[in-house]
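Here is the structure we will look at, set down as structure tokens.
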Amino acid sequence: MIHMLRCHRSRRSWRVRAAALGAVALLSAASRAGAFDYAGVGPALGVAGVRDAFVESRHEFWQRGTARIFTPDDDAALFADLLRAGSGRYVVRLARDETRGQLTEVAVTLDHGVPRRWTLGFEREGDGQKPDQVERRHPKCRDLLDALVARFGEPQAFTTRMDEGLELRSRTWSAADGSMTLVCGRHDRRTAIFAMELEIVPK
């Protein structure tokens, strides 16, 4: 009887320890996922950090509700005010010497100065819209996916949809303070799958 009781307690203790370890693992994964970024670019960097990180790149502000595009060269003070309190899309086209990993463009959607969405682009310079030309301008989806999985674990959702002969393949990671979606593309009747953009939405 005592032996059976000890065995029962041992099994219960093992289950408690296993549950605790599982909870720690989940918390660790959530902690990693909470700081979504690619190559150090994301909500934690902030808009001001983007300006400081890419000083040689082209910076633009596409004002919402108008067809106007502003640059710091137009009016530095106005441009700073737009980033601080404006609504629109802040776009940074990275100079060749300032690219990070596969990153070539950063776009932040601002609502009265508050970042609502980060869109990181991977398309390199080049001409032509034929499938093989488009594929050459983008990195392989697998390269980006492997790098993200290594940091944030497997994505929680995978969806596909067709858009004018292009299959869009989206994988999404979610955390308490936001989500991140890798969008890859594959042309109809072709096998190459290429990374198009990475979207980070903070809560």
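Scanning segment 175-189 for residues that are out of contact with any strand residue (DSSP E or B) (no Cβ under 8 Å at 6 or more places or on another chain) and loosely packed, with under 15 Cβ neighbours inside 10 Å, which turns out farthest from GLY101 (Cα to Cα)? Walk me through how you get there before you give the answer.
Going residue by residue through segment 175-189, those that are out of contact with any strand residue (DSSP E or B) (no Cβ under 8 Å at 6 or more places or on another chain) are 175-176, 189.
From the residues that got through so far, the ones that are loosely packed, with under 15 Cβ neighbours inside 10 Å too are 176, 189.
Values: ALA176: 27, ARG189: 29 Å.
Taking the candidates together, the pick is ARG189.
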| Is there a residue in segment 57-68 that is within 17 Å of THR109 (Cβ to Cβ) and among the hydroxyl-bearing types (Ser, Thr, Tyr)? | yes
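Can you tell me how many residues within segment 66-89 are surrounded by fewer than 18 Cβ atoms within 10 Å (Cβ to Cβ), in a strand (DSSP E or B) and either in contact with a Ser or Thr (Cβ under 8 Å, 6 or more places away or on another chain) or not hydrophobic (A, V, I, L, M, F, W, C) (or both)? Quick ask: steps written out before the conclusion?
Here is the first cut: in segment 66-89, the residues surrounded by fewer than 18 Cβ atoms within 10 Å (Cβ to Cβ) are 66-69, 71-78, 80-81, 84-85, 87, 89.
When the remaining residues are screened for being in a strand (DSSP E or B), the result is 69, 89.
Of the ones still in play, those that are also either in contact with a Ser or Thr (Cβ under 8 Å, 6 or more places away or on another chain) or not hydrophobic (A, V, I, L, M, F, W, C) (or both) are 89.
Summing the residues that are surrounded by fewer than 18 Cβ atoms within 10 Å (Cβ to Cβ), in a strand (DSSP E or B) and either in contact with a Ser or Thr (Cβ under 8 Å, 6 or more places away or on another chain) or not hydrophobic (A, V, I, L, M, F, W, C) (or both) in segment 66-89 gives 1.
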| message | So in segment 190-203, with the set limited to residues that are part of a loop (DSSP other than H, G, I, E, B) and touching a residue at least 12 places away in the same chain (Cβ under 8 Å), which one is most open to solvent (accessible area, probe 1.4 Å)? | response | LYS203
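Going by the conditions given, is ALA150 free of Cβ contacts under 8 Å to residues at least 12 places away in the same chain and either among the aliphatic types (A, V, I, L, M) or open to solvent by less than 20 Å² (accessible area, probe 1.4 Å) (or both)? Give the derivation first.
On the way: free of Cβ contacts under 8 Å to residues at least 12 places away in the same chain: yes; either among the aliphatic types (A, V, I, L, M) or open to solvent by less than 20 Å² (accessible area, probe 1.4 Å) (or both): yes.
In short, yes.
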| query | Counting residues that are modelled with pLDDT under 95 and acidic (Asp, Glu), which strands (runs of 3 or more DSSP E) fully inside segment 90-181 reach at least 2? | reply | none
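Being open to solvent by 50 Å² or more (accessible area, probe 1.4 Å) and farther than 30 Å from ALA67 by Cβ narrows it down to one of THR160, THR172, so name that one.
Values: THR172 fails: open to solvent by 50 Å² or more (accessible area, probe 1.4 Å).
The conditions single out THR160.
The values are calculated or read from the model by the stated rules, or taken from the named source; none is laboratory data. Computed from a predicted model, the values in this text were never measured in an experiment. As a convention, Cβ positions derive from the backbone with ideal geometry for all residues, glycine included, and neighbour counts pool all protein chains shown. Heads up: the accessible areas ignore ligands, DNA and RNA and are worked out on the full protein's heavy atoms, side chains in. Shrake-Rupley method; radii C 1.70, N 1.55, O 1.52, S 1.80 Å.
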